[in-house]
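This report concerns only the one structure given below.
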Amino acid sequence: MEFGQFNVNALMEITQRPDLVFIRGQGSWLEDHAGKRYLDFVQGWAVNCLGHCPPEIVKAVEAQSRLLLNPSPAFYNLPSIELATRLTEASCFDRVFFANSGAEANEGAIKLARKWGQVHKQGAFKIITFNHSFHGRTLATMSASGKPGWSTIFAPQVDGFPKAELNDLASVEALIDDQTVGIMLEPVQGEGGVIPATAEFLQNLRKLADARKLLLMVDEVQTGMGRTGTMFAYEQAGIRPDIMTLGKGIGGGAPLAALLAREEVCVFKHGDQGGTYNGNPLMTAIGVAVFDTLAAPGFLEGVRERAEHLSQGLARLAGKWGMPGERGNGLLRALVMDREDGPAIVERARTLEPDGLLLNAPRGNLLRFMPALNVGKDEIDQMLERLDGIIATLRK
């Protein structure tokens, strides 16, 4: 396929893309090859937590790229130590392994849990996950995911991931046997439709895991790093998980992820885990800049205020158009609609003139909103006004 001066045939076809090439971005706005601007409420699927090209990240890249890029994970480097220290001091975890993507972090979490099962539970290896969950696109993380249809795409899938129902404790208890080593879940199922696990459910999972000597594992690839209004979503339930994974926002757009665990769970032996780029100074220096921005006084309070503003605006839209409503946590929210309008709204929003609007529809009757954590209230209002106009046009 060719359009304009671009020949995109060299790229492997893995998803349907519109005929545009993004050239630059700043804050909540993107600009394509033709100079058209787009208000971005997807932000790389919650990756750009500080928006496009934030000055904090630009400064970190410029400074670190002149010092050291990658001495190899066989040696310590300063930014990785600095970021690991920040993460452990801000959480209930003791040690960190850095990776390059959320899927890789989750793959590491699965390996760590299985190794712990070999050491402490006579080889137990099963990890209970949940229907409609999403943990990544490696073979193991696809098998762990509860995305409909994924069990046959690259069959045979990796064994050992029985599926329970979110917020249904009995469904979890029914799956536990002597081969079960852990329970793994997203505090908010993002791809599944922005469905939060209740605080009571998370607390009961912690009690159940303690009673049955299981690991409680939280996949915070999408919910971590301030997305829900606290640094990590698990904090809101007042629990202490055994393992946590981070991705997306931790690098603010750069490929960075992390596997965190409590000391008693860290049973990897030398050679069990690694990666050529893992914990490299350039990415972890970016992570330090992101963390320090999120941890600055007042920042997370501002996230909570903007989240409430977005929530109220979406609720007003739902009420105006007779939709079921909105849901979510922090700045990870969804508008639940009464029709399968999602794809049409996304297409219409992108093609608006003079400026487009980028939205996401993980389900036909649902729009998901993942703006930058520092999005302006005026930008939220602008998005809501445009969305209202699109809905009016489609329902004429």
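Tabulated data
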| item | result |
| --- | --- |
| Top-ranked residue of region 151-190 - restricted to ones that are among the polar types (S, T, N, Q) and touching a Lys or Arg at 6+ places or on another chain (Cβ under 7 Å), ranked as farthest from residue 136 (Cα to Cα) | 179 |
| From the options 316, 339, residue that is surrounded by fewer than 19 Cβ atoms within 10 Å (Cβ to Cβ), of a type outside the set (Asp, Glu) and part of a loop (DSSP other than H, G, I, E, B) | 339 |
| Meets criteria (among the charged types (D, E, K, R) and under 15 Å from residue 244 (Cα atoms)) for residue 191 | no |
| Restricting region 147-185 to residues that are at pLDDT below 95 and under 20 Å from the mean Cα position of the chain (by Cα), the residue that is surrounded by the fewest Cβ atoms within 10 Å (Cβ to Cβ) | 148 |
| Considering residues of region 266-287 that are crowded, with 24+ Cβ neighbours inside 10 Å and of a type in the set (Val, Ile, Thr) only, the residue nearest to residue 240 (Cα to Cα) | 284 |
| Neighbours by Cβ (under 7 Å, 6+ apart or cross-chain): first from region 11-22, closer than 14 Å to residue 33 by Cα and in the same structural domain as residue 357 (by TED's automatic domain parsing); second aliphatic (A, V, I, L, M) and surrounded by 10 or more Cβ atoms within 10 Å (Cβ to Cβ) | 22/30 |
| Residue match in region 148-159 (condition: assigned by TED's automatic domain parsing to the domain that holds residue 234 and either assigned to a strand (DSSP E or B) or under 21 Å from residue 237 (Cβ atoms) (or both)) | no |
| Qualifying residue in region 363-378 (condition: assigned by TED's automatic domain parsing to the domain that holds residue 43 and over 23 Å from the mean Cα position of the chain (by Cα)) | yes |
| Exclusive hit being at negative phi, out of contact with any Phe, Trp or Tyr (no Cβ under 6 Å at 6 or more places or on another chain) and in a helix (DSSP H, G or I), set 210, 219 | 210 |
| Selected residue (criterion: farthest from the chain's Cα centre (by Cα)) from residues of region 346-355 that are surrounded by fewer than 21 Cβ atoms within 10 Å (Cβ to Cβ) and not charged (D, E, K, R) | 354 |
| Identity of the residue in region 235-265, part of a helix (DSSP H, G or I) and in contact with an Asp or Glu (Cβ under 7 Å, 6 or more places away or on another chain), that ends up surrounded by the fewest Cβ atoms within 10 Å (Cβ to Cβ) | 263 |
| Residue match in region 294-306 (condition: outside the structural domain of residue 114 (by TED's automatic domain parsing), surrounded by 19 or more Cβ atoms within 10 Å (Cβ to Cβ) and over 23 Å from residue 231 (Cβ atoms)) | no |
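For (1) in a loop (DSSP other than H, G, I, E, B); (2) under 26 Å from the mean Cα position of the chain (by Cα); (3) modelled with pLDDT under 90; (4) among the aliphatic types (A, V, I, L, M), each residue gets a yes or a no:
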position: 16; (1), (2), (3), (4): yes, yes, yes, no
position: 20; (1), (2), (3), (4): yes, yes, no, yes
position: 25; (1), (2), (3), (4): no, yes, no, no
position: 35; (1), (2), (3), (4): yes, no, no, no
position: 39; (1), (2), (3), (4): no, yes, no, yes
position: 57; (1), (2), (3), (4): no, yes, no, yes
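The values are calculated or read from the model by the stated rules, or taken from the named source; none is laboratory data. Small disclaimer: the values here were computed from a predicted structure and weren't measured. Neighbour counts are summed over all protein chains in view; Cβ atoms, including those assigned to glycine, are modelled from backbone coordinates with ideal geometry.
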